[in-house]
Amino acid sequence: MTATAADVGHGYTTTGLPHRKIAIWAFIGSECMLFASLISTYLIYKGRSIAGPFPHEAWTDPSTHHVYKAILNIPVTSCSTFVLLMSSLAMVLALAAVENRDVPKHTLGDRILGSSKLWLFTTAALGATFLSFQAYEFTSFVHEGLTIRTNLFGSSFFTLTGFHGAHVTAGVLWLLTMLGIDFKRGLGPKDALNVDIMALYWHFVDVVWIAIFTLIYLIK
Amino acid sequence: MSDAHAEHAEHHPTWSTYWKVALILTVITVIEVWCYYLPAFVATPYFVPTLLILSAVKFAIVVLFYMHLKYDAKLYRVLFTGPFLVAMATIIVLMFLFGKFAIHLSLLT
C-alpha cells in the first residue's frame, strides 16, 4: 500500500500505518522499560528488609513483641486479577462493537455483543472495581503496620503497585471519556482507531499486572 | 484512512476467539493460585519456573490476541518486542549485579 502526501497529512505515515498507532506502540515500549525498572527494584530489595511486616512470613517485633502476620492477601488479589483479565475481554468486545457498528444485528445476542456503550461501561466498571480492591489492600496494609516508609518491602511494593494503579486510573478516565463521546454522538468504524489505541493502553496495563501478580504476590 | 484501519480490523479474531482466550486466561490464573496453595509443590525447585512460564504464557496470549500483535503490521511487533527485550535484559542483568542470580564458576571449571 502506497501512502500519498495527502494520506500522511491525514494521519498516516509513509509506512502506510497510522502515526497515532505507531506512537502508542512506541509509548508502550517505553512503558515496558519503566515497569522493568520498578520490578527490578522490588526484586533487588526482596528479602532485604530488616524489620517487618513481610510479604509472606509472620514477624514478631522484638521491642513490642507484637506479631505481624504475612501481609499479602492472595485470595483478594486473585479476585482483583480476575477482574482485570475480564476487563480486557470487555475491552476487545467494545472495540469489535465499534468496528462492526454498521453490521446489521438480528438477534438479541448480536445486539448485546454489538453494544459499544455496554462494553465500554463494563470495562470502566471492572477497572474501577480493580482500583477499589487496590484501595482496600493499601488501607488494610497501613492498618496492619506497613506504609511506604516502614521498610524496603513497603517502599518498593507501594511504589510499584502505586504506579500501576495510577495507570489504571488514567485508563478508567480515558474509558469514561470515550463512553461520554459514545453517548453524545455514537462511536462508529471511523472512530475505531481511537478506541483501538485506548484498548492497546488498557491491555498493556493488564499484562503489567500479569507480571506483577506472579513476581510480587505468588513467588515466595 | 478508515479503510486502511478496516483492512487491518478484518484480520482481527472473532468474538468466540475472544471468549476462548478469556477462558484460557482464567484457567491459567486458577492453576497459578492453586500452585501457590500446594506446600509440597512450593518447596520444590519447579515452583518458581512453573509460575514464570504460566505468567509468560498469559502475557503472550494477551499481547498476541487482545492487542492483535499476531494479526497487525510487523512494525508494531518490532516497536513492542525491541524495548520489551531490552527491559527483560535489564531485569536479568540487575539480578546478577545485585546477587539475586549467581553462576557458580566452580561448576564450570
Exercise: per-residue mean of other protein chain Cβ atoms within 10 Å, A:43-52: 2
Evaluated at q = 0.13, 0.28 Å⁻¹: base-10 log I(q)/I(0), Debye formula over Cα of the range B:45-91: -0.37, -1.03
Part-to-part distance (alpha-carbon centres) for the range A:78-95 and the range A:115-130, which is given in Å: 9
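How crowded by other chains is B:54-62, given as the mean number of beta carbons from other chains within 10 Å of each beta carbon? Don't skip to the answer; put the middle values down first.
Working: counts 3, 9, 3, 1, 8, 6, 2, 2, 8.
If you average over the peptide's residues, the count of other-chain Cβ atoms is 5.
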Note, ³J(HN,Hα) from phi for the range A:64-71, Karplus 6.51, -1.76, 1.60, rounded to Hz, x at Gly and Pro: 9, 6, 6, 9, 9, 7, 4, 7
Mean Cβ count within 10 Å, highest first, over the residues of peptides B:86-94, A:107-115: B:86-94, A:107-115
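What FRET efficiency would be calculated for the residue pair A:R185, B:I92, taking the C-beta separation as r and a Förster radius of 35 Å, to the nearest 0.05? Before the final figure, lay out each step's value.
Working: r = 48 Å, r/R0 = 1.38.
So, using R0 = 35 Å, E works out to roughly 0.10.
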Amide H contacts under 5 Å for A:Y12, placed H, 5+ residues apart: A:H19
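Given contacts defined as C-alpha pairs under 8 Å and at least six residues apart, what's the relative contact order of chain A, whole-number percent?
Details: 236 pairs, mean separation 55.8, N = 220.
Over chain A, the number comes to 25 percent.
So if I average 1/r over every pair of distinct C-alpha atoms in the protein assembly as shown and take the inverse, what Kirkwood radius in Å does that give? Don't skip to the answer; put the middle values down first.
Details: mean 1/r = 0.0464 Å⁻¹.
By the Kirkwood definition, the hydrodynamic radius is 21.5 Å.
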Top of A:H143, A:H167, A:H56 by mean-square fluctuation, Gaussian network on chain A, Cα under 10 Å: A:H143
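Summarise the partner chain shielding of B:79-86 as one whole number: the mean count of Cβ atoms from other chains within 10 Å of each residue's Cβ. If you can, show how the numbers build up before the last one.
Values: counts 10, 7, 2, 3, 9, 6, 1, 4.
Mean partner shielding for this stretch: 5.
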Crossing angle, helix A:152-185 versus chain A [Cα axis fit, 0-90 degrees, rounded to tens]: 20
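Counting other Cβ atoms within 10 Å, keep those with at most 14, restrict to DSSP loop, and tell me which trypsin sites (Lys or Arg not before Pro) in the range A:1-102 are left. Provide the component values of the computation, followed by the final result.
Working: sites: A:R20, A:K21, A:K46, A:R48, A:K69, A:R101; in loops: A:K46, A:R48, A:K69, A:R101.
Loop-located and lightly packed - A:R48, A:K69.
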Rounded to 10°, Cα long-axis angle of helix A:192-212 versus longest principal axis of chain A: 20
Principal-axis tilt of helix A:19-45 within chain A, Cα atoms, nearest 10 degrees: 10
Size of charge dipole - the protein assembly as shown - debye, nearest 20, with Cβ of Lys, Arg +1 and Asp, Glu -1, no other charges: 220
A:Y68 long-range amide H proximity, modeled H, under 5 Å: A:W59, A:T60, A:D61
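All of the numbers you see were taken from the coordinates with simple rules; none came from a lab. All figures in this text were calculated on a predicted structure; none of them were measured in a lab. No Cβ is skipped: glycine too gets one built from the backbone with ideal geometry, and neighbour counts run over all protein chains shown.
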